[in-house]
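Visitor: Mind having a look at this structure? Questions to follow.
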Amino acid sequence: MSFATEPTFQHGQAPKAASGTAILFCNLGTPDAPTAPALRRYLAEFLSDHRVVEIPRLLWWLILHGIILRIRPKKSAAKYASIWMKEGSPLKVWTEKQATMLRGYLAVRGHAVEVRYAMRYGNPSIASQLDQLKADGVTRVLILPAYPQYSGTTTASVFDAVYTWAAKVRRLPEFRFVNNYHDVPGYIDALADRVRAHWRVNGKAEQLLMSFHGVPERTLKLGDPYHCECHKTARLLASSLGLEKDSYKVTFQSRFGKAKWLEPYTEPTLIGMAQAGVKSVDVVCPGFTGDCLETLEEINMEARHAFLEAGGKAFNYIECLNDSPVWLAALAEFSVQHLAGWPTQAGANTQELAAMRAAAQSLGASQ
Ligand SMILES: C=CC1=C(C)c2cc3[nH]c(cc4nc(cc5[nH]c(cc1n2)c(C)c5CCC(=O)O)C(CCC(=O)O)=C4C)c(C)c3C=C
Ligand SMILES: [Fe+2]
Ligand SMILES: [Fe+2]
């Protein structure tokens, strides 16, 4: 294997992040447009990942290209079209805003750290953002997945993309990787704040349902900690909200394929609750840090419809953390802990720090 000639960081040239330290905030990815061709490209990349679908390659290639990529893109495009924002896909809009706000909250704390976002599938890719950071003179990168709960299917796949990029690079930046933050107090507080804010305006429903993205059940048996981490998040959130065991439920959504996934499933649980006489439910999706197809369409449209059809009277969806100041402040605090020992000061470049502070303040960040 040979390494490409790389642009070198010239002496005397100031790196863009004055400290030379950066955070790459990595999310799953989303199609570029709510159209069948864009969905086909996105799903082909996503579903070809061995971390996501663990069945023998040749068999899966035939199923993926022979069946799934012929049917699913059109159906999924229609779903995306129903939630698309004027700025683009909600997942991308929120991820980009979170990266900008994180940079601002770090600046408010005196840390001149560049923050970029990347997508595991689609654009901007992890490789393209790492290329850009390197070209900008960054020499230390904290890889921060947008997933609070670790799963081989998501978190480890982000790390794979970093390793794949690194395998082709001669002069590597120093890397650190965040595995999870499912039980970090700031994350739990931010979730609790979201739920309480909802209760203040709308009152409290009979039940709180916490719906997490599912994964195949066999991943749990093979040692993936995702299921346990989701339950720990749920337990901590319930305790922070002062909820008794019988007033909340934990479920798993977004089943893909025919295999058994983590149970109980979200939609059948909601139907069962309505049939058992539960009239009102609050639904929160703690594993998604930003609203996306799986929350806005699958939960707030499909699951809502199923609950009301089955006899429920009030379905209240609680939005994801998105641009919650409590959340971004907590993420900044948590990131600072992971950056410990790395230079994060702008040094002589106080002008940049002042500009970052001003940007943060215009976004509503406080000291
Ligand atoms: C939050 C963590 C997520 C885990 C764990 C996860 C596992 C997982 N997902 C699929 C299949 C699909 N997921 C899709 C969308 C999607 N998934 C997550 C998050 C997790 N997935 C998010 C945030 C999104 C939304 C993306 C967006 O653009 O808004 C989709 C695509 C949509 C569709 O066509 O239905 C698929 C497919 C598997 C197989 C899996 C674990 C094995
Ligand atoms: Fe998914
Ligand atoms: Fe879905």
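The values are calculated or read from the model by the stated rules, or taken from the named source; none is laboratory data. Note that the structure is a prediction, hence the values are computed from the model and not measured. Neighbour counts are summed over all protein chains in view; Cβ atoms, including those assigned to glycine, are modelled from backbone coordinates with ideal geometry. Calculation scope for accessible area: heavy atoms of the full protein, side chains included, ligands and nucleic acids excluded. Shrake-Rupley method; radii C 1.70, N 1.55, O 1.52, S 1.80 Å.
Visitor: What's the total number of residues in the stretch 247-284 that are of a type in the set (D, E, K, R), under 28 Å from Thr219 (Cα atoms), out of contact with any helix residue (DSSP H, G or I) (no Cβ under 6 Å at 6 or more places or on another chain) and modelled with pLDDT of 95 or more?
Guide: The qualifying residues number 3.
Visitor: Could I ask something else about it? Can you name every residue in the stretch 311-329 that is open to solvent by 30 Å² or more (accessible area, probe 1.4 Å) and more than 13 Å from Val283 (Cα to Cα)?
Guide: Lys313, Asp323, Pro325, Val326
Visitor: If you check every pair at least six apart or on different chains, which have Cβ atoms under 6 Å apart with a residue in the stretch 70-90 that is charged (D, E, K, R) first and a residue that is part of a helix (DSSP H, G or I) and more than 15 Å from ligand 3 (Cβ to nearest atom) second?
Guide: Lys74/Ala36; Glu87/Val93
Visitor: Another one. Give me the residue from the stretch 243-258 that is open to solvent by less than 60 Å² (accessible area, probe 1.4 Å) and in a loop (DSSP other than H, G, I, E, B) and, out of that set, nearest to Phe288 (Cα to Cα). Before the answer, list the steps.
Guide: Step one: list which residues in the stretch 243-258 are open to solvent by less than 60 Å² (accessible area, probe 1.4 Å), which gives 243, 247-248, 250-254, 256-257.
With the extra rule that they be in a loop (DSSP other than H, G, I, E, B), the set shrinks to 243, 254, 256-257.
Working: Leu243: 21, Ser254: 12, Phe256: 17, Gly257: 21 Å.
The residue in question is Ser254.
Visitor: Right, another one. Pull up the stretch 28-40, narrow it to residues that are open to solvent by 70 Å² or more (accessible area, probe 1.4 Å) and free of Cβ contacts under 8 Å to residues at least 40 places away in the same chain, then point me to the one that is farthest from ligand 1 (Cβ to nearest atom).
Guide: Restricting attention to the stretch 28-40, the residues satisfying the condition of being open to solvent by 70 Å² or more (accessible area, probe 1.4 Å) are 32, 37, 40.
Those still in the list that are free of Cβ contacts under 8 Å to residues at least 40 places away in the same chain too: 37, 40.
Working: Pro37: 14, Arg40: 11 Å.
Among those residues, the one meeting the criterion is Pro37.
Visitor: I'm trying to understand the selection: among the residues of the stretch 246-276, which are within 14 Å of ligand 1 (Cβ to nearest atom) and of a type in the set (A, V, I, L, M)?
Guide: Ala259, Leu262 - these are the residues of the stretch 246-276 that are within 14 Å of ligand 1 (Cβ to nearest atom) and of a type in the set (A, V, I, L, M).
Visitor: May I pose another question? What do you reckon, is Asn316 modelled with pLDDT of 95 or more and within 18 Å of Gln253 (Cβ to Cβ)? Give the steps one after another, and end with the answer.
Guide: Values: modelled with pLDDT of 95 or more: yes; within 18 Å of Gln253 (Cβ to Cβ): yes.
Criteria met by Asn316.
Visitor: What pairs come out if I take residues in the stretch 211-223 that are assigned by TED's automatic domain parsing to the domain that holds Arg235 and among the aliphatic types (A, V, I, L, M) and pair them with residues that are near ligand 1 (Cβ under 10 Å from one of its atoms) and part of a loop (DSSP other than H, G, I, E, B) whose C-beta lies under 7 Å away, six or more apart or interchain?
Guide: Pairs found: Val215/Ser151; Val215/Thr153; Val215/Asp224; Val215/Leu262; Leu220/Leu262.
Visitor: Let me ask something else about it. When you look at Ala112, is it within 17 Å of Arg140 (Cβ to Cβ), open to solvent by less than 30 Å² (accessible area, probe 1.4 Å), touching a Leu at 6+ places or on another chain (Cβ under 6 Å) and in contact (Cβ under 8 Å) with a residue 12 or more places away in the chain, yes or no? Walk me through it before giving the result.
Guide: Working: within 17 Å of Arg140 (Cβ to Cβ): yes; open to solvent by less than 30 Å² (accessible area, probe 1.4 Å): yes; touching a Leu at 6+ places or on another chain (Cβ under 6 Å): yes; in contact (Cβ under 8 Å) with a residue 12 or more places away in the chain: yes.
Considered against the rule, which asks whether it is within 17 Å of Arg140 (Cβ to Cβ), open to solvent by less than 30 Å² (accessible area, probe 1.4 Å), touching a Leu at 6+ places or on another chain (Cβ under 6 Å) and in contact (Cβ under 8 Å) with a residue 12 or more places away in the chain, Ala112 comes out as yes.
Visitor: Take the stretch 277-301 and flag every residue that is open to solvent by 20 Å² or more (accessible area, probe 1.4 Å), aliphatic (A, V, I, L, M) and out of contact with any Pro (no Cβ under 8 Å at 6 or more places or on another chain).
Guide: Val278, Met301 - these are the residues of the stretch 277-301 that are open to solvent by 20 Å² or more (accessible area, probe 1.4 Å), aliphatic (A, V, I, L, M) and out of contact with any Pro (no Cβ under 8 Å at 6 or more places or on another chain).
Visitor: Any residue at all in the stretch 268-276 that's surrounded by fewer than 20 Cβ atoms within 10 Å (Cβ to Cβ) and within 16 Å of ligand 3 (Cβ to nearest atom)?
Guide: Looking through the stretch 268-276, at least one residue is surrounded by fewer than 20 Cβ atoms within 10 Å (Cβ to Cβ) and within 16 Å of ligand 3 (Cβ to nearest atom).
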